[in-house]
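In what follows, a single structure is set out as structure tokens and then discussed.
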Amino acid sequence: MPDKQPHNLTGVLDRVEEKTDGEDTVRVEDILDAFSGRLFGPLIIVPGLVLLTPLGGIPLVPAAIGVLVAAIAGQRLFGRERPWVPARLIDRGLERERVTNAFGKIRPWTKRVDAVIKPRITVLTTGPAEYAAAALAMLLGATIPVVGLIPFAAALPGAGLTLIGLALIARDGLLMIAALAVSCGVGYFAWSAIG
């Protein structure tokens, strides 16, 4: 019997915790195993959520996440279901306790978000739009190392990634429009930071 896939943000958090139960760390490989071959959305949401928590302020975490997101999104753009990730990243992880504590802090917010998401304007989240979303996520991933040089500024692309992933999971085109708006803001911010 196939695993039931999450259709909201809290479901993604639950799945990561469930799949890493009994482990000391949450590794990139654990996240890929939890969602790979099923949905691109969760693979983008999880790194986005990490950037939105205090974990995103740990030095080098944003840069590693940026590379990971660009790799996952780039491969999805070219039709690959299970992304290949460099060996240096696949075993990287964070202490599970830190991750679950961070998820616990944002869970009340995810439940509020879940209350308002629903399938709408689905043309923006299915078919060719999924490839456009992958391209947008790849661009956001590329901005993370630059934006991440400013403490906690990586939360901005993290918000964009979370919106993209959530829009794909919930088939919510309105969220995809919001993701595009946030991504434009992140692009402007990144351009200003290097300019």
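The values are calculated or read from the model by the stated rules, or taken from the named source; none is laboratory data. Computed from a predicted model, the values in this text were never measured in an experiment. As a convention, Cβ positions derive from the backbone with ideal geometry for all residues, glycine included, and neighbour counts pool all protein chains shown. SASA here: full protein model, heavy atoms, side chains in, ligands and nucleic acids out. Shrake-Rupley method; radii C 1.70, N 1.55, O 1.52, S 1.80 Å.
Okay, here's what the table says:
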quantity	calculated
Pair list, Cβ under 6 Å, 6 or more apart: the stretch 94-118 residue within 23 Å of Ala167 (Cα to Cα) and touching a residue at least 60 places away in the same chain (Cβ under 8 Å), other residue among the hydroxyl-bearing types (Ser, Thr, Tyr) and in a helix (DSSP H, G or I)	Thr110/Thr10; Lys111/Thr10; Asp114/Thr10
Residue within the stretch 45-67 that is part of a helix (DSSP H, G or I), over 21 Å from Ile164 (Cβ atoms), without any contact (Cβ under 8 Å) to a residue 40 or more places away in the chain and not basic (Lys, Arg) present	no
First in the stretch 122-141 and closer than 20 Å to Gly66 by Cβ, second anywhere and open to solvent by 60 Å² or more (accessible area, probe 1.4 Å) and of a type outside the set (Asp, Glu), Cβ under 8 Å, 6 or more apart	Leu136/Leu180; Gly141/Val67
Count of the stretch 55-81 residues which are open to solvent by 90 Å² or more (accessible area, probe 1.4 Å) and closer than 18 Å to Ala153 by Cβ	2
Among (1) of a type outside the set (Gly, Ala, Ser); (2) in a helix (DSSP H, G or I); (3) open to solvent by 10 Å² or more (accessible area, probe 1.4 Å); (4) modelled with pLDDT of 85 or more, the one test that Asp30 misses	(4)
Matching option when the condition is modelled with pLDDT of 85 or more, among the hydrophobic types (A, V, I, L, M, F, W, C) and crowded, with 24+ Cβ neighbours inside 10 Å, among Val46, Val12, Val50	Val50
